[in-house]
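Before any comments, here is the structure.
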């Protein structure tokens, strides 16, 4: 369903289980960044009314997820650690060339967002199915469902605002690029890396 070209190695869950506090901190920041992305799209593309309405709702939802993850961190007797670079995202967003028309810039940003949400969804599915901590597994199952709808929303908007054939080609090219990135990741206690 997600179209990812390279699935995450299931052994990644073993890394997570040894470093749950680290994954929760990374996850909290991923939620915060997702909210920031929604707000950035509002600021950058205010003329797209339907997109703005969805991004308002998304920013609220993502901050709600941030709070849910932060609450889990606190419940574990920990505090939110410091943010760190997301190597996955840094490599991913280098794919499309800078510049172009406003529509092209919007489509590229929507495709990046769709792919990040798709990978998050895939990772949350793995966690929901394989974590020994059943409460945490259930928590990730609920988030997985949410991430799937985000992925499809971003991809649908890209197809709506751009030329469908061109957008679909860019999407496939981006998926192939992401698979190459993933060959060197899945070795750390981060949601994407």
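The values are calculated or read from the model by the stated rules, or taken from the named source; none is laboratory data. Just so you know, these numbers come straight off a predicted model, no measurement behind them. Methodologically, a virtual Cβ is constructed for each residue, glycine included, from the backbone with ideal geometry; neighbour enumeration extends over all protein chains shown.
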Conditions (1) buried (at least 19 other Cβ atoms within 10 Å of the Cβ); (2) farther than 26 Å from residue 179 by Cβ; number of the one not met by residue 30: (2)
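Yes or no: residue 100 surrounded by fewer than 18 Cβ atoms within 10 Å (Cβ to Cβ), over 20 Å from residue 5 (Cβ atoms) and touching a helix residue (DSSP H, G or I) at 6+ places or on another chain (Cβ under 9 Å)? Please lay out each step first, then the result.
Details: surrounded by fewer than 18 Cβ atoms within 10 Å (Cβ to Cβ): yes; over 20 Å from residue 5 (Cβ atoms): yes; touching a helix residue (DSSP H, G or I) at 6+ places or on another chain (Cβ under 9 Å): yes.
Judged against the criteria, residue 100 is a match.
Got a sec? Which of 89, 43 is within 25 Å of residue 171 (Cβ to Cβ) and under 16 Å from the mean Cα position of the chain (by Cα)? Step through it out loud before you land on a result.
Numbers: 43 fails: under 16 Å from the mean Cα position of the chain (by Cα).
On inspection, the qualifying residue turns out to be 89.
For the structure I just gave you, tell me whether residue 159 is loosely packed, with under 13 Cβ neighbours inside 10 Å and at pLDDT 95 or above. Break it down into steps so the answer makes sense when it comes.
On the way: loosely packed, with under 13 Cβ neighbours inside 10 Å: no; at pLDDT 95 or above: yes.
Against the criterion (loosely packed, with under 13 Cβ neighbours inside 10 Å and at pLDDT 95 or above), residue 159 does not qualify.
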Please name all residue pairs, on different chains or six or more residues apart, with Cβ atoms under 7 Å, provided the first residue is in region 92-106 and is modelled with pLDDT of 95 or more and the second residue is surrounded by 12 or more Cβ atoms within 10 Å (Cβ to Cβ). 95/174; 95/177; 96/108; 103/161; 103/162; 106/45; 106/161
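Has region 28-38 got any residue that is farther than 25 Å from residue 145 by Cβ, out of contact with any helix residue (DSSP H, G or I) (no Cβ under 6 Å at 6 or more places or on another chain) and at pLDDT 90 or above? Explain how you work it out, then say what you get.
So the first thing to find is which residues in region 28-38 are farther than 25 Å from residue 145 by Cβ, and the list is none.
No, the conditions are met nowhere in region 28-38.
For region 21-66, how many residues are outside any helix (DSSP H, G or I) and touching a residue at least 12 places away in the same chain (Cβ under 8 Å)? Let's see the steps before the verdict.
Filtering region 21-66 down to residues outside any helix (DSSP H, G or I) leaves 45-48.
When the remaining residues are screened for being touching a residue at least 12 places away in the same chain (Cβ under 8 Å), the result is 45, 48.
So the count comes out to 2.
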Filtered residue count, region 51-97, keeping only those that are under 20 Å from residue 133 (Cβ atoms) and out of contact with any helix residue (DSSP H, G or I) (no Cβ under 9 Å at 6 or more places or on another chain): 4
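Within region 77-89, track down each residue that is loosely packed, with under 11 Cβ neighbours inside 10 Å and on the phi < 0 side of the Ramachandran plot. Even if it seems obvious, please write down each step before you answer.
Step one: filter region 77-89 for residues loosely packed, with under 11 Cβ neighbours inside 10 Å, giving 77, 79, 82, 85.
Answer for region 77-89, where residues must be loosely packed, with under 11 Cβ neighbours inside 10 Å and on the phi < 0 side of the Ramachandran plot: 79, 82, 85.
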Given the conditions (1) surrounded by 16 or more Cβ atoms within 10 Å (Cβ to Cβ); (2) in contact (Cβ under 8 Å) with a residue 40 or more places away in the chain, report the number of the one that residue 3 does not fulfil. (1)
